[in-house]
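The values are calculated or read from the model by the stated rules, or taken from the named source; none is laboratory data. Just so we're clear, the structure is a prediction, and the values are computed from it rather than from any experiment. Positions of Cβ are backbone-derived with ideal geometry, glycine not excepted, and every protein chain shown enters the neighbour counts. Just so you know, the surface numbers come from the protein's heavy atoms only, side chains and all, with ligands and any DNA or RNA stripped out. Shrake-Rupley method; radii C 1.70, N 1.55, O 1.52, S 1.80 Å.
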Amino acid sequence: MADIPTDAPEHCPGTTSEQAGKSSACQGCPNQTICASGATKAPDPAIEEIKLKMATVKHKILVLSGKGGVGKSTFSAHLAHALSSGDSKEVALLDIDICGPSIPRIVGLEGEQVHQSGSGWSPVYVEDNLAVMSIGFLLGSPDDAVIWRGPKKNGMIKQFLRDVDWGELDYLVVDTPPGTSDEHLSVVQYLSGAGIDGAVIITTPQEVSLQDVRKEIRFCQKVKLPVIGVVENMSGFVCPKCKNTSQIFPPTTGGAQRMCEELGLTLLGKVPLDPRIGIKNYCSSNLTSAAHTD
């Protein structure tokens, strides 16, 4: 997790480093005294606060990829819709892609606003039992760019987990950005006290995607985050007319199945390309149906 304050000088060693407050870069820094005292190395009190907040959330699932453009946010939306189908489960979808929030558009909530109540921020609802939270709801326009350094992004994720009135949930699905950086470290650390069920890893069949996904899997191993399994997205295209299957992204090295065999992971399923997903106002029932595609 990025531990460099926004007002820190260049070459700051970080507030949790053994050199915090002691290196030459710390001279003149407004944080030098508190860093040198060791107080910044103590566990973030927000971890305990989030643990209490998440006590009413039964299952927490992260959706990771490592590679951009593999359909991770689309799959997150499908998964949330599938889990909430039948009205028997309470589900929430949290978008922590701070710089590229696409969940509001995918679920048809673009332009909605978040409201504040006595118990915190109120999420926006797709259905009575499916809540959504994203920084996209806090922007003045969908075209606004979020140009933030790590500490500010971490602070926003902390607020999403601690200050949103999630209520009692069966599932919290967390959609993450590509990579293994600030947002991923933040959500894993902040949820460390509350417990994470695991991560679902999304990939496409070609090796250029699998390379980055292997890095994501290594990340999960290093931070002791269980991997629930891998989903191969965009796995072939079935022509709606002739019904023949074409491999748009050929699995030249065996695809996700071969990777899972090598790494001892579970292949949860393969989701084909479906042009209907890109159609605006594509109904929730079809999203739910697509989420069950094996």
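Of the solvent-accessible surface of the chain, computed with a 1.4 Å probe over protein heavy atoms with every protein chain present, carbon and sulfur atoms account for 50 percent.
Springs between Cα atoms under 10 Å define the GNM used for the chain, and in it the highest mean-square fluctuation of Leu93, Leu130, Leu185 occurs at Leu185. Potential lengthening of the chain between Trp148 and Gln116 amounts to 9.2 nm, from the contour at 0.36 nm per residue minus the alpha-carbon distance.
Listed by chain and number, the lysines whose alpha-carbon sits under 18 Å from that of Lys60, ignoring those within fewer than 8 places in the same chain, are Lys51, Lys72, Lys89, Lys158, Lys224.
Taking 7 Å steps out from each Cα toward its Cβ at Glu127 and Thr252 produces label points 4.1 nm apart.
Per residue, the chain exposes 49 Å² of solvent-accessible protein surface, assessed with a 1.4 angstrom probe and all protein chains in place. Sorting Leu138, Leu210 on solvent-accessible area from highest to lowest, probe radius 1.4 Å, gives Leu138, Leu210.
Applying 0.36 nm per residue to the separation of Ser141 and Asp197 and subtracting their alpha-carbon distance, the gain on full extension is 16.7 nm. Dividing the summed -39500 (n - 2.57) terms of all DSSP H runs of n ≥ 4 by the residue count of the chain sets its mean residue ellipticity at 222 nm at -8500 deg cm²/dmol. Estimated at the nearest 10 Å², the accessible area of Glu110 is 90 Å² with a 1.4 Å probe.
For the pair Ile277 and Lys243, the difference between a 0.36 nm per residue extended length and the Cα-Cα distance amounts to 10.4 nm. For the pair region 125-178 and region 232-277, the centres of their Cα atoms are 30 angstrom apart.
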